[in-house]
Amino acid sequence: MVVRMPDVPSVCLDSLRREPIPLCSDELDVALLWNAKAACTFAIKWLYWQEDLLGEAQAYASWPHQYRQYVYCQRPRYSECLGSIPQLGPRVIKVVRNPYDRAVGAYLSYANQAARRTRARHDLLAKAVVRRVRGRDHIPSPDETDPQHARLLRSIGRHLGRDVGNGGLFTFREFVGFLETLDIATADMHLRSQVHACERSGALDGLSLVRIEEAERAIPRLEDALGLRPADLARLRRSRHHSERSEGGSFVGGSPFGDTLGSPVPASRWFYDDALVQAVGRIYREDVERYGYEPLP
C-alpha cells in the first residue's frame, strides 16, 4: 500500500494514476510527465533508451505506447513508484509543447482520422482479434481509429451539425470552435491542458521542465545534471507518423485537411489569423502563462 505523504494533496496522487500515466523509473530514480500531442513519443522513447528498454519496446510493438501501457506500467510495485513522484524534486521531468503548435497538431491528427476512418476501423477490428488471441487488448497506432478518437469525431460532428468522419472533414477554425465548448482541464488527453494536477496543487514545484522546442539544448543539460547518458536525439525523433511541414504559404485555417501523412503540410503558423490566435490563447491560457509561450512567429 502506498503511504500518502500528508503534504501531498490527494488530487495530485490520484491524478498520477490516470492517463496520461507518467513513466517512473526506480532504476534511474526519475519520472517523466508527458502529454499527448506534445512530443510524447519522442519523450517516452528517450526514457526507454535511458533504461536500455528501447529495443525491447520496439520488438514488442511498433507504437511505443503499447509497451508503455501493457508492460512498463504493469511492472510490480509500479503504483508505489508513482506515489513517490512528488518526492523526486528536479528528477521529475516534464515535457511541454507550445500550445499554439499543439492545437494544430491535434487538429491534423483528428483530420487524418476523419479522412480514413472506415478503412482504419476495418483494420482495427481485424487487429483487435489478433491481440485478444495473444492475451492482450489492442492499442491503436496513429494509422488507426480507436473508439476514443471515433467518439471525439462524433462530438465534433454534433457541434458542427453535420457528419464528421468517413471523409467528412472540418477546418481548423471549426476545430477551435469545438475546443471552446470543452472544459479543457478535463477534456480528452489529446486536447487537455498540459498543466498537471500536481503542478496546480504545488506538489511539483521543483520539477525539471523541458520545452520541446528547446530540447536540443535542454535535454543534454538535463542528462548531465541528472547523471544520465547522452542520447542521440535526432535518432529518437524519427517517426513515420510525423507530417512533413512546409514553411512557405498563406492562411489555411479555413480550409479542411484530410489524410496528410506523407504529404507536405503548411507550418503551424499558417493555420492562424488574429481571431484564432486570440481564441487558442484563451483556451490554453493556463499553459501559455505557466510555461511562458507566445503565439507562433
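The table below gives the values:
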item: Those helices (runs of 4 or more DSSP H) lying entirely in region 179-240 with at least 3 residues open to solvent by less than 20 Å² (accessible area, probe 1.4 Å); result: 215-226
item: Region 246-265: number of residues that are at pLDDT below 95, open to solvent by 80 Å² or more (accessible area, probe 1.4 Å) and either not in a loop (DSSP other than H, G, I, E, B) or not charged (D, E, K, R) (or both); result: 1
item: Identity of the residue in region 276-297, aliphatic (A, V, I, L, M) and under 19 Å from the mean Cα position of the chain (by Cα), that ends up least open to solvent (accessible area, probe 1.4 Å); result: V280
item: Cross-chain or 6+ apart pairs with Cβ under 7 Å, region 226-240 first and farther than 12 Å from A43 by Cα, then surrounded by 15 or more Cβ atoms within 10 Å (Cβ to Cβ); result: L226/V30; L226/R91; L228/L28; L228/Q50; R229/Q50; R229/E223; P230/E223; S239/T41
item: Residue within region 128-135 that is part of a helix (DSSP H, G or I), among the aliphatic types (A, V, I, L, M), at pLDDT 90 or above and open to solvent by 50 Å² or more (accessible area, probe 1.4 Å) present; result: no
item: Contacts under 6 angstrom Cβ, first residue in region 271-290 being charged (D, E, K, R), partner open to solvent by less than 20 Å² (accessible area, probe 1.4 Å) and outside any loop (DSSP other than H, G, I, E, B), 6 or more apart; result: D287/P99
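The values are calculated or read from the model by the stated rules, or taken from the named source; none is laboratory data. A quick note: this is a predicted structure, and the numbers were derived from the prediction, not measured. Don't worry about glycine lacking a Cβ; one is built from the backbone with ideal geometry, like all the others, and counts go over all protein chains shown. Side chains included, ligands, DNA and RNA excluded: accessible areas come from the protein's heavy atoms. Shrake-Rupley method; radii C 1.70, N 1.55, O 1.52, S 1.80 Å.
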